[in-house]
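The values are calculated or read from the model by the stated rules, or taken from the named source; none is laboratory data. Bear in mind that the values here come from a model prediction, so they are computed numbers and not experimental data. As a convention, Cβ positions derive from the backbone with ideal geometry for all residues, glycine included, and neighbour counts pool all protein chains shown. Remember, those area values only see protein heavy atoms, side chains included, never the ligands or the DNA or RNA. Shrake-Rupley method; radii C 1.70, N 1.55, O 1.52, S 1.80 Å.
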Amino acid sequence: MNDLLLNCDIGESFGAWTMGLDAEVMPYIDCANIACGFHASDPSVMRKTVALAVAHDVRIGAHTAYQDLVGFGRRSMDCTPQEVEDLMLYQIGALEGICRSQGTRVSYVKPHGALYQDMMRKPATLRAVMSAVAKYDRQLPLMLMCTRDNSAAQALGDEFGLTLWFEAFADRAYDAAGFLVSRSLPGAVHHDSEVIVSQALTLARGEALQASDGSALPLAAQTLCVHGDNASSVAAVQRIRQAFDSLVQA
């Protein structure tokens, strides 16, 4: 069995608008990817979310994104590598300041949305992201997508001296190359909790998933992304946590 860390995108409320069931999902995860104000969140939400993570002894990650509140960071932006570095450093530093005020630190970095997708498909963007993390703190792991072949990303990570955490998703469909199926296509997101839990357990056992073309897709992941934006997804996270704990004890 793979000892997968459960991570969740969290702290994505903004002002008077609430998104996600952060308090409900936090007890079941290992890592909280906390929005840093560019795609969601604000200083008050960040502070409250950091406090919640500290209370549950959950690792805190900087969930960095393009500066796109309206589009929730899901729209690609034509940023230069220097601009990508700048926005990464700005957001990590902002969350780090709030963490330090509560006696904790940022433990890793996970880009969000379109930035996450772009860095997986554009070598210059991935290089800029890695450069920013290395310049900020080379000890911070960088979370990125686990695909069929991670060799190029690993080689670049080695060049920068970074630890990479390859991430899989419990509630997303994959294509044959190991990339996420576009949300615009039917079946891209799994909503059935049975399917979500089953996919999580398949990954934890180190077994291959079935890609969208029917082929077998092995994914050597270190962390599993789950979501807690509604009651059914929180219930799925709870079941995944219980199932993982049972596998460890078996």
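Those residues that are open to solvent by 20 Å² or more (accessible area, probe 1.4 Å) and under 22 Å from residue 219 (Cβ atoms), I need them from segment 1-36; list them, please.
Answer for segment 1-36, where residues must be open to solvent by 20 Å² or more (accessible area, probe 1.4 Å) and under 22 Å from residue 219 (Cβ atoms): 1, 2, 3, 5, 9, 28, 30.
Pick out the one residue from 137, 149 that is open to solvent by 10 Å² or more (accessible area, probe 1.4 Å), within 16 Å of residue 220 (Cβ to Cβ), of a type in the set (Asp, Glu) and at pLDDT 95 or above.
Working: 137 fails: within 16 Å of residue 220 (Cβ to Cβ).
Sole residue among the options that is open to solvent by 10 Å² or more (accessible area, probe 1.4 Å), within 16 Å of residue 220 (Cβ to Cβ), of a type in the set (Asp, Glu) and at pLDDT 95 or above: 149.
Just give me the residues in segment 87-102 being among the aromatic types (Phe, Trp, Tyr) and crowded, with 22+ Cβ neighbours inside 10 Å, in sequence order.
none
Looking at segment 69-86, which of its residues are out of contact with any helix residue (DSSP H, G or I) (no Cβ under 6 Å at 6 or more places or on another chain), in a loop (DSSP other than H, G, I, E, B) and either open to solvent by 70 Å² or more (accessible area, probe 1.4 Å) or over 12 Å from residue 114 (Cα atoms) (or both)?
69, 70, 77, 78, 80
For (1) crowded, with 20+ Cβ neighbours inside 10 Å; (2) modelled with pLDDT under 95; (3) among the charged types (D, E, K, R), each residue gets a yes or a no:
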residue	(1), (2), (3)
108	yes, no, no
127	no, no, yes
141	yes, no, no
167	yes, no, yes
170	yes, yes, no
176	no, no, no
184	no, yes, no
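Determine which member of the set 248, 237 is of a type in the set (Val, Ile, Thr) and at pLDDT below 90.
Every option except 248 fails the conditions.
Scan segment 46-68 for residues that are open to solvent by less than 20 Å² (accessible area, probe 1.4 Å) and either in a loop (DSSP other than H, G, I, E, B) or of a type outside the set (Gly, Ala, Ser) (or both) and jot them down.
Restricting attention to segment 46-68, the residues satisfying the condition of being open to solvent by less than 20 Å² (accessible area, probe 1.4 Å) are 46, 49-50, 53, 58, 60-66, 68.
46, 49, 50, 58, 60, 63, 64, 65, 66, 68, listed by residue number.
Looking at 141, 123, 186, can you tell me which residue is free of Cβ contacts under 8 Å to residues at least 60 places away in the same chain and in contact with a helix residue (DSSP H, G or I) (Cβ under 8 Å, 6 or more places away or on another chain)?
123
Run residue 39 past the list (1) within 21 Å of residue 128 (Cβ to Cβ); (2) assigned to a loop (DSSP other than H, G, I, E, B); (3) open to solvent by 60 Å² or more (accessible area, probe 1.4 Å) and report the number of the one that doesn't hold.
(3)
List every residue pair whose Cβ atoms sit under 6 Å apart, with the two residues 6 or more apart in sequence or on different chains, where the first one lies in segment 221-242 and is open to solvent by 20 Å² or more (accessible area, probe 1.4 Å) and the second, anywhere, is among the β-branched types (Val, Ile, Thr).
Correct list of pairs: 239/197.
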